[in-house]
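Peer 1: First, the structure itself, so that you have it in front of you.
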Amino acid sequence: MGKDTVIRSLLSEQVSITPNGFVADLLTPEQFTAHHELFFDKLLEIHASDLAGLEGYGEFDEECKTGYKSCEDFLIHTFADDQEGYWYHWREMFDTTILEREFFEKYFNEMTARIPYCEGHRYLVNNNTFFEIMITDGRSTLGFPDWSRSGICDFLLDWNC
């Protein structure tokens, strides 16, 4: 079974992957405030998915398999130096942007120390919960058309919206 088929089978009917509407980033602060519960409810629906039959942590590959046996392996590899693709040479940002190495290292070390508390807690995550990607009608519908970075990990990953 392909990734799209597996993800669709994991999601409840309340989570739309083919929504109608407009980009949620176009909501005014007043519109969001009036319907903010919708955003939280839909994320909780995603995270309530039954992951029976799926193992590990990390982003799904095209066969909907994850690449890491443990949450710790996923965390450590995410911030490793030897990345390919999108994250290739990501640590150069310490020299070329305002990202401070000391700031990163402090919080990375705190995450590493606390990762045992996350071990065994596995949630389906969309991992693209940005307002410019979510689609809404501004009242009662919210959908997530992009599942390209989805996977299994701590549900807090999705709460960046």
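Bear in mind these aren't lab numbers, they're just calculated from the coordinates by the rules spelled out. Fair warning: this is a prediction, and the values are worked out from it, not measured in the lab. For neighbour counting, all protein chains shown are included, and Cβ atoms are generated from backbone atoms with ideal geometry for every residue, glycine included.
Peer 1: Would you compute, from DSSP H runs of 4+ residues alone, the mean residue ellipticity of the chain at 222 nm, taking -39500 (n - 2.57) per run and dividing by the full residue count, rounded to the nearest 500?
Peer 2: Here the helix-only value at 222 nm equals -10000 deg cm²/dmol.
Peer 1: Please identify the chymotrypsin sites (Phe, Trp or Tyr not before Pro) of the range 40-114 that satisfy two criteria: DSSP loop assignment and at most 11 other Cβ atoms within 10 Å. Which are they?
Peer 2: Here the sparse-neighbourhood loop sites are Tyr88.
Peer 1: Taking the beta-carbon count within 10 Å as an exposure proxy, list Met111, Met134, Met1, Met93 from fewest neighbours to most.
Peer 2: With the sparsest Cβ surroundings first, the list reads Met1, Met93, Met111, Met134.
Peer 1: Taking the dipole about the Cα centre of the chain, with the C-beta of Lys and Arg at +1 and of Asp and Glu at -1, give me whichever of Leu11, Thr112, Ala80 is farthest to the positive side.
Peer 2: Projecting each Cα onto the dipole axis, the largest value belongs to Leu11.
Peer 1: Around Ile46, with a cut-off of 14 angstrom between Cβ atoms, what is the net charge of the other residues, counting Lys and Arg +1 and Asp and Glu -1?
Peer 2: Residues close to Ile46 contribute a combined charge of -3.
Peer 1: Moving to a separate point now. Using the alpha carbons of the range 89-161, what is the convex hull volume per residue in cubic angstrom, as a whole number?
Peer 2: Dividing the Cα hull volume of the range 89-161 by its residues yields 142 Å³.
Peer 1: Which of the DSSP-defined H helices in the chain satisfy a minimum axial length of 18 Å, computed from C-alpha atoms, and a minimum mean Kyte-Doolittle hydropathy of -0.5?
Peer 2: Span-like helices here: 29-47.
Peer 1: Within a Cβ distance under 13 Å of Ser16, other residues only, what is the Lys/Arg minus Asp/Glu net charge?
Peer 2: Value of the local net charge: -3.
Peer 1: Just add up the charged neighbours of Phe104: K/R +1, D/E -1, any other residue whose Cβ is under 12 Å from the Cβ of Phe104.
Peer 2: -1
Peer 1: Hey, another quick one. Out of all Cα-Cα pairs in the range 71-118, roughly what percent, to the nearest whole number, are more than 14 Å apart?
Peer 2: More than 14 Å apart: 56 percent of the Cα pairs in the range 71-118.
Peer 1: May I ask you to list the GluC sites (Glu not before Pro) in the range 56-85 that are in a DSSP loop and have at most 12 other Cβ atoms within 10 Å of their Cβ?
Peer 2: Those satisfying the criteria are Glu62, Glu63, Glu84.
Peer 1: Treating the beta-carbon of each Lys and Arg as +1 and of each Asp and Glu as -1, no other charges, what is the dipole magnitude of the chain about its Cα centre, to the nearest 20 debye?
Peer 2: About 320 debye.
Peer 1: Regarding the chain, what are the three Cα extents along the principal axes, ordered largest first, in Å?
Peer 2: 42, 40, 29
Peer 1: Name the residue farthest towards the positive end of the dipole of the chain from the options Leu99, Cys153, His89, assuming +1 on Cβ of Lys and Arg, -1 on Cβ of Asp and Glu, about the Cα centre.
Peer 2: Towards the positive end, the residue furthest out is Cys153.
Peer 1: Okay, moving on. Where the only charges are on Cβ atoms (+1 Lys, Arg; -1 Asp, Glu), what is the dipole of the range 57-132 about its Cα centre, to the nearest 20 debye?
Peer 2: 340
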